[in-house]
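Working notes, beginning with the structure itself.
The values are calculated or read from the model by the stated rules, or taken from the named source; none is laboratory data. The shown structure was predicted, so the numbers you read here are calculated from the model rather than taken from an experiment. Glycine also receives a Cβ, built like all others from the backbone with ideal geometry; neighbour counts cover every protein chain displayed.
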Amino acid sequence: MRIDVVTIFPAFFDILDVSLLGKARGAGLLDVRIHDLRSHTHDRHRTVDDSPYGGGAGMVMKPEPWGDVLDEIAGAADTGIRPTIIFPSPAGEVFTQATARELSTRNHLVFGCGRYEGIDERVFAYAATLGEVRLVSLGDYVLNGGEVASMAMIEAIGRLVPGVVGNPESLVEESHEDGLLEYPSYTKPSSWRGYEVPDVLLSGHHGRVAQWRRDQQIERTRLRRPDLLSDQI
Ligand code: 6GU
């Protein structure tokens, strides 16, 4: 999978070199490229923002550097397909495991990280001539920009790309894959500082273990995320 990221803070993405995603990058499973939006400015101050038409607080990202960098990515990518262009935004559709699954099947993703009060709206219209545009939010809170949100989405999507996670079976029993929260896990020792591992897990009864885990999933979901249960019916 090819992933291009446009940002004014490339350093946010240095951590892509570590852990599982770093390995996937090294193995050629994920081809991630970071683009500094300021390289696509032409003035001495490398200006990427300006005051909003109509007035108001804050600054808006100018369209010209965005147009240039998107042309470079969509024109030079040479993947033969139109990319999916994701703009992280608290005003977007909410990103879920289903979104991650869907996007993990794409050949080419572009993440456009906005800062300040946002990006000139015309950039989204222009981007839609180059690929499929998605405005996507992590949830109902506000971050300073799209960088941290993009990192979260790249990790959630990247780990679903075949080969990135060594044991694909570890992906199916996770929270949100079956609409429920994950069951609790334990390892040795069976007694630790007065806390015990539930007896059923030491019983060797696969059927009873499976039933207990299912019950735990439902109970945890009822307590912590009742909204997920009502989504199921
Ligand atoms: Cl995707 N961007 C920003 N700036 N804030 C957010 C977000 C995204 N998702 C939740 N808050």
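What to note about this one:
- Among the residues of the range 69-126, those identified as assigned to a helix (DSSP H, G or I), among the small types (Gly, Ala, Ser) and without any contact (Cβ under 8 Å) to a residue 60 or more places away in the chain are 74, 75, 76, 98, 125.
- The set of residues from the range 179-224 being under 24 Å from residue 159 (Cβ atoms) and exposed (fewer than 14 other Cβ atoms within 10 Å of the Cβ) comprises 184, 185, 186, 187, 224.
- Checking 115, 159 one by one, the residue that is of a type in the set (Lys, Arg) and either surrounded by fewer than 16 Cβ atoms within 10 Å (Cβ to Cβ) or closer than 27 Å to residue 64 by Cα (or both) is 115 and no other.
- Selection status of residue 126, among the aromatic types (Phe, Trp, Tyr) and loosely packed, with under 12 Cβ neighbours inside 10 Å: no
- Residues of the range 1-29 classified as in contact with a Cys (Cβ under 9 Å, 6 or more places away or on another chain) and surrounded by 20 or more Cβ atoms within 10 Å (Cβ to Cβ), total: 4
- The range 3-25, subset of a type in the set (Val, Ile, Thr) and modelled with pLDDT of 90 or more, residue farthest from the chain's Cα centre (by Cα): 8
- Set side by side, the residues 233, 218 differ, and just one is under 26 Å from residue 102 (Cα atoms) and at pLDDT 95 or above, which is 218.
- The condition (being over 15 Å from residue 157 (Cα atoms), among the aromatic types (Phe, Trp, Tyr) and out of contact with any strand residue (DSSP E or B) (no Cβ under 7 Å at 6 or more places or on another chain)) is satisfied by just one residue among 9, 13: 9.
- Residues within the range 149-190 that are assigned to a loop (DSSP other than H, G, I, E, B), modelled with pLDDT of 95 or more and small (Gly, Ala, Ser), tallied: 2
- Every residue from the range 131-148 that is more than 8 Å from the ligand (Cβ to nearest atom) and in a loop (DSSP other than H, G, I, E, B): 131
- Test: residue in the range 99-110 that is acidic (Asp, Glu) and within 12 Å of the ligand (Cβ to nearest atom): no
- When 52, 65 are checked against the criterion of being crowded, with 20+ Cβ neighbours inside 10 Å, more than 23 Å from the chain's Cα centre (by Cα) and farther than 23 Å from residue 160 by Cα, 65 stands alone in meeting it.
- Of all residues in the range 26-38, those satisfying the criterion of being in a helix (DSSP H, G or I) and either within 16 Å of the chain's Cα centre (by Cα) or touching a residue at least 12 places away in the same chain (Cβ under 8 Å) (or both) are 37, 38.
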